[in-house]
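See structure below.
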Amino acid sequence: MSAAEAVVGTAHSGAVLCVDGVTVMRQGRALVEGVSAEVHAGEHWAVIGPNGAGKSTLLALCGAKLHPTSGTVHVLGHRLGRVDMRELRTHIGHIDPRTRIEADLTVREAVLTGLVAASDLPARWAPAAADTALADELTATLGLTARTDTRWSVLSQGERGRVLIARALMTRPQLLLLDEPTTGLDLAAREILLDVLSGLREAHPRLSSLLVTHHLEELPASTTHALVIADGRVLASGPAAQVLTSATITGAFGYPIAVERRAGRWTASSAVTGRRDDFAGNGAGIVQIP
């Protein structure tokens with residue numbers, strides 16, 4: 001049995017991801033403290049919080065890139081520290097708009113780099129026919145068939161974002177991690193990308209995802225759950241409709257925010273009606289307007 005088969009074969013049928021009482025310390029400072037969350041197959045989570053809240057640290061834990069100082073993390077049924085993390089990462093899809101791809105690669109070749117987890121294809125390496133077929137299928141699913149032979153260097157940011165999604169799906173992951181995937185996109189490109197992400201729920205019903213962002217407007221309509229984090233601690237976690245409220249978001253960002261949901265999408269805007277310098281946070285983190 002290969003290492004890959006061992007990872008898949010021993011994963012239990014429970015939670016895809018389980019973070020239990022996790023703390024990560026660096027130079028005497030807690031980056032996250034006492035964090036717990038559980039993600040099941042088919043759930044699509046949003047991780048929301050201000051800069052420095054601990055979102056990136058949490059994503060690194062979930063992506064098997066970081067060990068906790070205390071507490072436990074189980075990814076795809078395996079406890080970090082008791083599994084080959086490099087092998088485990090091959091079953092996790094990562095989407096980061098800052099990913100480096102060699103400029104001369106075509107869209108097809110860029111998608112195929114997902115199999116080797118590198119910015120370029122290895123010399124004298126050739127994909128199997130089934131891999132090329134999968135790359136072309138994913139490219140078509142993401143509306144990029146006409147760009148299959150186009151070089152990475154001339155793609156728009158929105159097209160690159162869709163290529164990175166296809167690239168992440170090449171290994172048929174059970175868990176997809178998205179780190180601010182709409183960064184740098186204009187409004188139209190953002191909406192196209194969010195529609196694509198929503199479509200993944202129907203195309204891959206067992207796929208689970210975790211999307212990190214600062215902005216509620218960047219959440220796809222397929223979002224089922226949310227975790228709000230501030231100062232390294234979880235403020236709220238659970239079904240998105242119950243978590244993404246004005247009170248919770250106001251508490252997380254330390255500023256009065258009005259949250260609305262329409263047609264499955266969220267918006268956030270200032271709830272300040274008077275002068276913006278006439279407010280102060282109280283001990284509970286809720287902003288009061290005189």
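The values are calculated or read from the model by the stated rules, or taken from the named source; none is laboratory data. The structure displayed is predicted, hence computed values, not measured ones. Ideal geometry is used to build each Cβ from the backbone, glycine not excepted, and the neighbour counts take in all protein chains shown.
The table that follows gives values for the structure above.
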| read-out | value |
| --- | --- |
| All positions within segment 153-184 that are of a type outside the set (Lys, Arg), part of a helix (DSSP H, G or I) and buried (at least 21 other Cβ atoms within 10 Å of the Cβ) | 161, 163, 164, 165, 166, 168, 169 |
| Residues of segment 19-54 satisfying the condition of being at pLDDT 95 or above and among the charged types (D, E, K, R) | 20, 33, 38, 43 |
| Residue in segment 150-158 that is in contact (Cβ under 8 Å) with a residue 40 or more places away in the chain and closer than 30 Å to residue 50 by Cα present | yes |
| Sole exception among (1) at positive phi; (2) not assigned by TED's automatic domain parsing to the domain that holds residue 237 for residue 161, by number | (1) |
| Unique match (being assigned to a loop (DSSP other than H, G, I, E, B), under 15 Å from residue 230 (Cβ atoms) and in contact with a strand residue (DSSP E or B) (Cβ under 6 Å, 6 or more places away or on another chain)) among 64, 53, 46 | 53 |
| From the options 200, 227, 193, residue that is out of contact with any helix residue (DSSP H, G or I) (no Cβ under 6 Å at 6 or more places or on another chain) and part of a helix (DSSP H, G or I) | 200 |
| The listed residue being in a loop (DSSP other than H, G, I, E, B) and out of contact with any Ser or Thr (no Cβ under 6 Å at 6 or more places or on another chain), out of 130, 110, 126 | 126 |
| Residue in segment 76-118 that is farthest from residue 138 (Cα to Cα), counting only those that are outside the structural domain of residue 165 (by TED's automatic domain parsing) and without any contact (Cβ under 8 Å) to a residue 12 or more places away in the chain | 82 |
| Test for residue 289: is it surrounded by 13 or more Cβ atoms within 10 Å (Cβ to Cβ), β-branched (Val, Ile, Thr) and at pLDDT below 95 | yes |
| Subset of segment 151-189 [farther than 14 Å from residue 95 by Cβ and of a type in the set (Lys, Arg)] | 151, 172 |
